[in-house]
1. Please indicate, with yes or no, whether at least one residue in region 256-264 is more than 24 Å from A280 (Cβ to Cβ), among the hydrophobic types (A, V, I, L, M, F, W, C) and assigned to a helix (DSSP H, G or I).
2. Of the residues L114, L123, L128, L54, which is outside any loop (DSSP other than H, G, I, E, B) and at pLDDT below 90?
3. Can you tell me how many residues within region 137-176 are touching a residue at least 24 places away in the same chain (Cβ under 8 Å) and aromatic (F, W, Y)?
4. What residue, of D191, D251, D172, is in a helix (DSSP H, G or I), charged (D, E, K, R) and within 27 Å of F284 (Cβ to Cβ)?
5. If you take the residues in region 89-134 that are among the hydroxyl-bearing types (S, T, Y) and buried (at least 20 other Cβ atoms within 10 Å of the Cβ), which one is farthest from N153 (Cα to Cα)?
6. Take D238 and tell me if it is over 20 Å from Q385 (Cα atoms), surrounded by 15 or more Cβ atoms within 10 Å (Cβ to Cβ), modelled with pLDDT of 95 or more and not aliphatic (A, V, I, L, M).
7. Hey, can you tell me all the residues within region 209-237 that are among the small types (G, A, S) and more than 16 Å from P189 (Cα to Cα)?
8. Just wondering, is there one or more residues in region 212-231 that are closer than 19 Å to F268 by Cβ, part of a helix (DSSP H, G or I) and among the polar types (S, T, N, Q)?
Amino acid sequence: MADGDVLTTELSLLAVLVALLIGLAVGKAWERYKLRDGRWIDRRRLRDTPHYMLGLNFLVDNQVDQAIDELTHAASSATDALEIQMILGNLYRQKGQVGRAINVHQALLQRPDLTTLEHAYVLLCLGLDFRNGGFVDRALEAFQEVLQLDPRNRYAMVHLEKLHEDQQQWADALEMREQIALLDAGRRPDDQQILGFLRNEIGNAQQRAGDSAGAMRAFSEAIEADARTVPAYLNLGDVYEQQGNVPRAIDAWERMIAAAPSHAHLAFDRLEHAYRTLGAPNRFVELCERLITREPQGWRPHLALARHLAAAGQHQAALERLLDALPHHPHSLIIHQEIWEALASLGFDGALIRRYVELTREAVFYLDPHICRRCRYRTTELLWQCPQCHEWNTFVEERLAAAKETTIAETV
């Protein structure tokens with residue numbers, strides 16, 4: 001090949017390379033800059049404005065009103081900044097201004113340049129707006145559209161499940177949680193727990209409808225899904241007892257105690273009655289003694305055993321059990337009520353009363369409260385699903401330590 005031809009080829013390749021570089025530079029510039037009011041604006045620097053940074057700082061500090069003010073200023077100079085508009089819409093929803101949140105997110109959906117994932121995320125926020133505003137059907141539709149765009153969107157699945165739970169559509173909620181569990185692939189242990197509770201709710205619905213066989217099957221499946229599904233054991237035992245199969249009922253309740261000893265007290269009355277039905281009341285005493293040996297600080301087995309002894313006329317022994325329980329939970333009103341019942345039965349012996357007063361000098365009585373670990377919702381009864389945050393199995397018993405210089409709250 002002649003030298004001139006080689007030179008021409010090299011110049012052509014160089015020209016193509018230069019043209020490519022110029023095209024990339026123009027594309028990047030077009031991506032980064034836009035013409036506004038006759039001058040070029042750097043898109044990236046829009047987020048570096050003081051208003052944007054201040055808004056994020058207020059948001060981190062949970063100062064919602066100030067965050068809205070600053071981000072609104074930032075959005076006025078960056079009307080096409082998707083993330084700012086998204087944040088503003090979510091903040092409006094958090095403030096209870098659901099209508100404004102819906103308007104913001106619906107306006108974002110009209111943008112022609114949204115990517116598929118951006119479209120899905122805006123729809124997700126819109127679904128949350130609808131759910132917060134009580135528009136259940138529209139929320140369901142929005143979350144389903146999210147899954148059409150992004151079939152692996154876990155957030156949309158979770159919110160669809162919660163909507164079904166709110167409507168007590170337990171089978172639909174179960175189906176959605178099963179999809180979530182497949183997506184999680186065993187990485188989240190709470191999936192099995194939720195599956196257990198949902199199957200238990202299906203069993204409750206079948207039992208109310210008179211389908212005892214279906215209910216028993218659902219309760220058994222709940223236990224298989226997660227051995228910690230306490231109400232499934234209780235409900236399964238109740239069905240057996242209603243059918244006259246007391247030994248199978250006892251087996252279900254005893255298995256519950258073995259799987260979740262901290263909830264043993266939920267089966268005490270059931271087991272005491274069942275043991276008596278079988279003519280073996282001492283089995284209840286033995287059960288309580290085993291639980292006390294396993295956990296000496298547990299106050300409920302002491303209380304249950306004291307009631308059992310009092311019913312048998314053994315008031316002195318019952319009082320001893322109650323006084324043993326008192327140091328472990330000195331603020332429980334129910335223990336004090338039982339103690340006064342025992343003292344009355346023993347004729348208010350002065351020495352016993354003085355012993356009781358000494359043990360309770362620092363106590364403040366209150367009904368046994370339960371508190372949600374997630375949102376701190378308080379209730380006097382044990383609930384399996386929190387009515388405020390809608391999470392499953394989050395309630396624990398709250399105890400107050402005996403007062404010394406100050407009163408210290410403990411959650412156990």
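The values are calculated or read from the model by the stated rules, or taken from the named source; none is laboratory data. Owing to the predicted nature of the structure, the values given are computational and were not obtained by experimental measurement. Positions of Cβ are generated from backbone atoms using ideal geometry, with glycine treated the same way; all protein chains shown enter the neighbour counts.
1. We begin by selecting, within region 256-264, every residue more than 24 Å from A280 (Cβ to Cβ); these are 262.
Retained after the next criterion (residues that are among the hydrophobic types (A, V, I, L, M, F, W, C)): none.
The answer is no; no qualifying residue exists.
2. Numbers: L114 fails: outside any loop (DSSP other than H, G, I, E, B); L123 fails: at pLDDT below 90; L128 fails: at pLDDT below 90.
Going through L114, L123, L128, L54 in turn, just one is outside any loop (DSSP other than H, G, I, E, B) and at pLDDT below 90: L54.
3. Going through region 137-176 one residue at a time, the tally reaches 2.
4. Numbers: D191 fails: within 27 Å of F284 (Cβ to Cβ); D172 fails: within 27 Å of F284 (Cβ to Cβ).
Going through D191, D251, D172 in turn, just one is in a helix (DSSP H, G or I), charged (D, E, K, R) and within 27 Å of F284 (Cβ to Cβ): D251.
5. If we filter region 89-134 for residues that are among the hydroxyl-bearing types (S, T, Y), which is where we start, we get 92, 115-116, 121.
Among the residues that remain, those that are also buried (at least 20 other Cβ atoms within 10 Å of the Cβ) are: 92, 121.
Numbers: Y92: 23, Y121: 9 Å.
Step by step, filter region 89-134, then rank; the result is Y92.
6. Details: over 20 Å from Q385 (Cα atoms): yes; surrounded by 15 or more Cβ atoms within 10 Å (Cβ to Cβ): yes; modelled with pLDDT of 95 or more: yes; not aliphatic (A, V, I, L, M): yes.
Yes; evaluated as a whole, the condition is true for this residue.
7. Here is the first cut: in region 209-237, the residues among the small types (G, A, S) are 209-210, 212-215, 218, 220, 222, 225, 227, 232, 237.
Answer for region 209-237, where residues must be among the small types (G, A, S) and more than 16 Å from P189 (Cα to Cα): A209, G210, S212, A213, G214, A215, A218, S220, A232, G237.
8. No: zero hits.
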